[in-house]
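Attaching a single structure in C-alpha cells format; questions to follow.
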Amino acid sequence: MTQQQCVPSHVAIIMDGNGRWAQHRNQIRAVGHRAGLKAVRKIVTYAASIGVKVLTLYAFSSENWKRPSTEVSALISLFIYALNREMKSLNKNNVRLNIIGDISRFSNHLQNMIINAEQLTKNNSGLVLNIAANYGGRWDILQSAKKITEQVVNGHLTLDDITEERFSLEMSLYNLPEVDLVIRTGGDYRISNFLLWQIAYSELYFTDILWPDFNPSLFDEAIKAFNTRERRFGGIDDKEQTC
Ligand code: IPE
Ligand code: IPE
Ligand code: MG
C-alpha cells in the first residue's frame, strides 16, 4: 500500500466463487470453501495491518439453505471448525468478532459457540470483524421493523419517533462506521441480499477473481479503485472530502 492511499474505515466483502474455484480443479465444492477460509485468514490479517477498522464478510446468506444439504452441512461444519480454531488467535490479535444474521436457525451448539466467541472478544479494541451468517438484507430490515413496531404497540414509541436514525439503531452494524466499500469477487454484479439498508452510499467494487484467489495485493487494487471515486452523498462536488 502506498502511503497516500486513503484506507476505507469499513469494508464489506461478498466472498463469491468458492464453488467454481473447486470445480475448475475437478474437486467438490467443499474444497473451494476450505480454500476460501484460507483467503479469509489472509485478508483479515492484512485488513487489520493497513488500518481498516471494520471488516464485514458475507459467509452464508439466508438463501444459501437452498443448496444441497451436503454443501450446507459442509459450510456449517467449516464455520464451527473456523470458530474453534481461530478464536484464540483472533483474540490475541485484539480482533472483536460479531456474527450478524438470524442465528436462531443454527444448532444450540453453534449458537453457544457464537455467543462465547462474541463474549470473549467484546472488549478488544482492534479490528471489528463481522461475519454474516444466515444473513439477509431483507431479514435485517424486517427484524428492525418488527422491533420498532413492538415498541409502538407497547406505547414506548410514537409514529413520529420513527426516524431513519431510530430505525438504524435496530439494524445490524448500527454501532459501527458506515460501510465505505463493498467488494464482490466471483464476477457477478449483484448484491445477493447482502447489506441493503447499510450500503445506500457505499462504493461498489466488482472483480472476476474467485474468492479463494483473492489476496492482499488484490485488496490493495480495490482500495486503489476506491480512492479514485468521488463520493458526493447526494450533494455537489465536495473538495473537503477526506477519507
Ligand atoms: C461463495 O461461493 C460462498 C458461499 C456462498 C457460501 P459459492 O459457493 O457461491 O461459489 P460459486 O459462486 O458457486 O462459485
Ligand atoms: C452470495 O453468493 C452469498 C455469499 C457470498 C455468502 P451466492 O453465490 O449465494 O449468490 P448468488 O446466488 O450467485 O446471487
Ligand atoms: Mg456463488
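Could you work out the per residue convex hull volume over the alpha carbons of the chain, in cubic angstrom? Display every interim value, and only then the final one.
Values: hull volume 35.2 nm³, N = 243.
About 145 Å³ per residue, rounded to a whole number.
Please work out whether the stretch 1-99 counts as rounded, prolate or oblate from its C-alpha gyration tensor, where a ≥ b ≥ c are the square roots of the eigenvalues and a/c under 1.5 means rounded, while otherwise a/b larger than b/c means prolate and anything else oblate?
It is prolate, given that a/c is not under 1.5 and a/b is the larger ratio.
Still on this structure, please answer the following. Could you give the nm distance between label points at Ser192 and Thr149, where each point is 7 Å from its Cα heading toward the beta carbon?
Placing both labels 7 Å beyond Cα along the Cβ direction yields 2.9 nm.
Kindly write out, for the stretch 182-192 in residue order, the coupling ³J(HN,Hα) from the Karplus curve 6.51 cos²θ - 1.76 cosθ + 1.60 (θ = phi - 60°), rounded to whole Hz, with x marking Gly and Pro.
For the stretch 182-192, the Karplus curve yields 10, 10, 10, 8, x, x, 9, 10, 8, 9, 6 Hz.
Taking the Cα centre of the chain as origin, sum charge times position over the Cβ atoms of Lys and Arg (+1) and Asp and Glu (-1), and report the length of that vector in debye to the nearest 20.
Approximately 1120 debye in magnitude.
Quick one: net charge around Leu75, please, counting Lys, Arg +1 and Asp, Glu -1 for every other residue with C-beta under 10 Å from its C-beta. Mind dumping the intermediate values first?
Working: positive: Arg29, Arg67; negative: Glu71.
Neighbour charge sum, excluding Leu75 itself: +1.
Let a ≥ b ≥ c be the square roots of the eigenvalues of the Cα gyration tensor of the stretch 157-243; is it rounded (a/c under 1.5), or, if not, prolate (a/b larger than b/c) or oblate?
Oblate, since a/c reaches 1.5 and b/c is not below a/b.
Among Lys42/Lys146; Lys122/Lys147; Lys66/Lys92; Lys53/Lys88, which pairs are too far apart, with a Cα-Cα distance over 27 Å?
Listed pairs above 27 Å: Lys42/Lys146; Lys66/Lys92.
Let me ask something else about it. Please list, in order along the stretch 31-40, the HN-Hα scalar couplings obtained from phi with the Karplus expression 6.51 cos²θ - 1.76 cosθ + 1.60 (θ = phi - 60°), rounded to whole Hz, x for Gly and Pro.
Per-residue couplings from phi come out as 4, x, 5, 5, 5, x, 5, 5, 5, 4 Hz.
Another question about this same structure. Tell me which residues come under 5 Å, amide H to amide H, from Val128 once H is placed; ignore anything under 5 positions away on its chain.
Val54, Leu55, Arg96
Taking the Cβ of Ile50 as the center, what net charge do the other residues with Cβ under 15 Å away carry, scoring Lys and Arg +1 and Asp and Glu -1?
Net charge around Ile50: 0.
Can you classify the stretch 17-56 as rounded, prolate or oblate using the Cα gyration tensor, where a ≥ b ≥ c are the square roots of its eigenvalues, rounded means a/c under 1.5, and otherwise it's prolate if a/b beats b/c and oblate if not?
Working: a/c = 3.95, a/b = 3.47, b/c = 1.14.
In terms of gyration-tensor shape, prolate.
Tally Lys/Arg at +1 and Asp/Glu at -1 over every other residue whose Cβ is under 12 Å from the Cβ of Asn227; what's the total?
Summing Lys and Arg as +1 and Asp and Glu as -1 gives -2.
Rounded to two decimals, what is the ratio between the C-alpha radius of gyration of the stretch 51-113 and 2.2 N^0.38 Å?
Values: Rg = 13.0 Å, N = 63, 2.2 N^0.38 = 10.6 Å.
Dividing the Cα Rg of the stretch 51-113 by 2.2 N^0.38 Å gives 1.23.
Sticking with this one: Given a Förster distance of 22 Å, report the FRET efficiency between Leu120 and Phe167 from their Cβ-Cβ distance, rounded to the nearest 0.05.
0.10
Return one whole number: the accessible area per residue of the chain in Å², for a 1.4 Å probe.
With all protein chains present, the chain gives 55 Å² per residue.
In debye, nearest 20, what is the charge dipole magnitude of the stretch 89-181 about its Cα centre with +1 on Lys and Arg Cβ and -1 on Asp and Glu Cβ, if you could check?
500
Sticking with this structure for a sec: Cut-off 10 angstrom, C-alpha nodes, Gaussian network model of the chain. Which of Arg105, Arg231, Arg96 fluctuates the most?
Arg105
Please go through the stretch 152-241 and write out the GluC sites (Glu not before Pro) that DSSP classes as loop and that have at most 11 other C-beta atoms within 10 Å.
Of the GluC sites (Glu not before Pro), the ones in loops of the stretch 152-241 whose Cβ has at most 11 other Cβ atoms within 10 Å are Glu230, Glu240.
Taking only Cα atoms of the stretch 83-152, what ratio of Rg to Rh do you get with Rh as the Kirkwood inverse-distance radius?
1.05
The values are calculated or read from the model by the stated rules, or taken from the named source; none is laboratory data. A quick note: this is a predicted structure, and the numbers were derived from the prediction, not measured. Note that each Cβ is placed from the backbone with ideal geometry, even for glycine, and that neighbours are counted across all protein chains shown. What goes into the accessible areas is simple: the full protein's heavy atoms, side chains included, and nothing from ligands, DNA or RNA. Shrake-Rupley method; radii C 1.70, N 1.55, O 1.52, S 1.80 Å.
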